[in-house]
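Single-structure report; data block below.
Values in this text are rule-based calculations from the coordinates and carry no lab data. It should be emphasised that the depicted structure is a prediction, and the values quoted were computed from it without experimental measurement. FYI the Cβ positions are ideal-geometry reconstructions off the backbone, even for glycines, and counts take in every protein chain you see.
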């Protein structure tokens, strides 16, 4: 945490006298200040020569700390917020919707785990097409060049009454596909840049009252986040681990504050007993709100989806779907 | 934005935090001399840190203008229209091209794996020749990079396949442009050989260094349209002590290859070997390099023997159906299989 002398430029109350006073109590940084007994500090300040100024300095520090945490909400406010803002987006696949309790929930981070070619990208593409058809926009971060607009157009055409490709349908397809924006991302820092830019864009939109529902991002998909994080994990030092956790926090913050449903995909690795387990380790387990496991029956078109973790559904519940590989 | 998200090394980050620079604003307020004094780095390193910080701050500032679209993305509609003109590299086997939707796609990373002797290197050489088919004949008119890790690249064979390709092209032009003499094939097998850039790597560090260098190489040789790595597994299999290191290195290499394919619009083809894996009580053949590597390609094709015939099976693809097709390896290269009962199986 920051040493106190770095605050001296912005806050003239925290001058060298104050710092010497704090140093006499072994307080050199904001962390030491927070850990110290404040009553004792106030009492000791009262005994000093310029006690008023010292007390103002302590108050100043407390004010700075108070300004940095998000607002405190009570249960009633949370339920109001949930009813008004936290909608559910269907993924287009009934089996998965049933397991998710309706679909992808705004404000939650949903994770799809599965071995290679088990259908994770297909679920992402299908969800994009369904969400875009319902007039909401999607941001798709693609790390493996797997974003296929043809496949999305196929899903759009499949689940509606488009039979012939005439002019009106063409326009409709264009409107739908225009709501999905794909960003190729090959680097975890690139992903952070993009998410920060998104956060700033969304924050500035809150102040401008021209929030058209068409332009506001409602769904964010990262396919796949594990390929961005695996190269930096367990390397020299805990930096990779820290980046993984902060990316999880950033995604959840975006989801909650800006009413977005976030979907990420993860792969599996071999576990100790030979059974495959999700990649990214133990700490990542608690980051997503919902975790689903996908698998595909040997060379058939049936996919099995089961719940690993869900805040409201029993884990182990499963469903099948035949729509993903057709 | 936090300091943790700047792309600087962990030790520099630690020094910045210890000196009190916890937010971006605090870095932007100082100058290089102060940074040099406070965290004891050289002038150039301090300048680099300031540049990163300014760039991140500029991202914050640029929110004044129309903020609906962040830079770098494309809508799905634009990508769909672009795909209609996308380039495909034929494999010279019609059945195989059919299940691939026309051929190997540029802007994608394709992994081809199979047992030894099934024809992986042959397919690699055929693609290196076919990418050079001129635009008039429906090809890309591009050059190829062939990265050889095993030493299985035989120049005589490449010459053989190149000659066969030119003969096929002249037969085609003779067939379709009988009256027009100007369509005579102007290619010579030597020019085909000249347009294949060959790299031989002998260790995994050389392989990683080469992948890092490819970006610069392809920017200088803009006609390169395909990179073939034969095989990507070889140097990572034997005697690799630290498995965690291997996963990290492979993950990073695959991201770099993905970036090359996307940004420079070329096809990357990786040839892989097989290994046995214990799944559900039985031993099955799967591609080598583990579970994490299986996610590092866009498409995956598995080659296998079906009786006496060679078959190719699409194991992973975002948009192609799972299907298998027979092919054969002849003296002229990869061609259609000539068995009488051949048909494409949709799985």
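Once both axes come from the Cα atoms, what is the angle between helix B:243-264 and the longest principal axis of chain B, in degrees from 0 to 90, rounded to 10? Relative to chain B, helix B:243-264 is tipped by roughly 70 degrees. Per residue, chain B reaches -12500 deg cm²/dmol at 222 nm when only DSSP H runs of four or more residues are counted, each adding -39500 (n - 2.57). Calculated FRET efficiency, residue A:326 and residue B:338, Cβ-Cβ r, R0 25 Å, to nearest 0.05? Efficiency, from the Cβ-Cβ distance: 0.20. Comparing A:98, A:153, A:26 in a Gaussian network model of chain A (Cα springs below 10 Å), the most mobile by mean-square fluctuation is A:26. With a cut-off of 8 Å between alpha carbons and a minimum separation of six or more residues, what is the relative contact order of chain B in percent? 20 percent. The simple spin-label model puts a point 7 Å past each Cα toward its Cβ; for residue B:115 and residue B:221 those points are separated by 3.5 nm. Distance from the Cα centre of the stretch B:141-163 to that of the stretch B:74-103, in angstrom? Between the Cα centres of the stretch B:141-163 and the stretch B:74-103 lies a distance of 24 Å. Highest mean packing comes first when the peptides A:140-152, B:189-201 are listed by Cβ atoms within 10 Å, giving A:140-152, B:189-201. Can you tell me what share of the DSSP beta bridges in the stretch B:82-336 is antiparallel? A percent to the nearest 5 is fine. Approximately 45 percent, going by the DSSP bridge assignments. Taking the DSSP beta bridges with both ends in the protein assembly as shown, the antiparallel portion is around 45 percent. Looking at chain A, what % of its DSSP beta bridges pair antiparallel, to the nearest 5? Of those bridges, close to 40 percent are antiparallel. With 10 Å bins beginning at zero, the pair-distance distribution over Cα atoms of the stretch B:82-336 amounts to 7, 31, 37, 19, 5, 1, 0 %.
Measuring nothing but how far apart in sequence close Cα pairs (under 8 Å, 6+ apart) lie, relative to its length, chain A scores a relative contact order of 21 percent. Between 0 and 90 degrees, the angle of helix A:149-158 with respect to the longest Cα principal axis of chain A falls at about 60 degrees.
For the peptide B:256-263, the mean number of other protein chain Cβ atoms found within 10 angstrom of a residue's Cβ is 4. Compare B:87, B:317, B:31 in a GNM of chain B, Cα atoms joined below 10 Å, and give the one with the largest fluctuation. It is B:31. Against the main long axis of the alpha-carbon atoms of chain A, helix A:167-178 sits at an angle near 30°. Short-range pairs are left out: with C-alpha atoms under 8 Å and at least six residues apart, the relative contact order of the stretch A:65-114 is 28 percent.
Every Cα-Cα pair of the protein assembly as shown was included, and the share exceeding 31 Å stands at 60 percent. Entry note, chain A: the mean residue ellipticity at 222 nm calculated from DSSP H runs of n ≥ 4, each adding -39500 (n - 2.57), is -13500 deg cm²/dmol after division by the residues and rounding to the nearest 500. Taking every residue in A:178-189 and counting other chain Cβ atoms within 10 Å of its Cβ, the average works out to 6. For the peptide B:16-26, the mean number of other protein chain Cβ atoms found within 10 angstrom of a residue's Cβ is 3. Comparing B:225, B:277, B:107 in a Gaussian network model of chain B (Cα springs below 10 Å), the most mobile by mean-square fluctuation is B:277.
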